[in-house]
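Structure first, commentary second.
The values are calculated or read from the model by the stated rules, or taken from the named source; none is laboratory data. All values reported here derive from a predicted model rather than from experimental measurement. Just so you know, the surface numbers come from the protein's heavy atoms only, side chains and all, with ligands and any DNA or RNA stripped out. Shrake-Rupley method; radii C 1.70, N 1.55, O 1.52, S 1.80 Å.
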Amino acid sequence: FKGPSSPALMTAILRDEPEPLASTHSDVPEPLVRLVSRCLEKRPEERVQTARDILNELRHVQKQIESGHGRRSGSGAAAAVPEASLWIAVL
């Protein structure tokens, strides 16, 4: 989010949708993109509720990536499993 002042930035956070992660980081595995989107969801009922929920989701994402189901559609070999697993390790 961007804004010329602190109040403008806070307004943007509350009002605007975040830029899709995939638009700035095309190498992020699709399951992780979905999780980040859920963390940034404006509607509380759609947002991840606890850190434990995030941990459980990250474990699920890691399993998807390790099984080869975490690749971005149409990305081919660009989202290889070892590279994708690095995203999980960073978190």
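Some points to look at:
- Pairs of Cα atoms nearer than 8 Å and 6+ residues apart set the relative contact order; for the range 1-45 it is 29 percent.
- Surface composition of the range 1-74: carbon and sulfur atoms hold 53% of the protein heavy-atom accessible area at a 1.4 Å probe.
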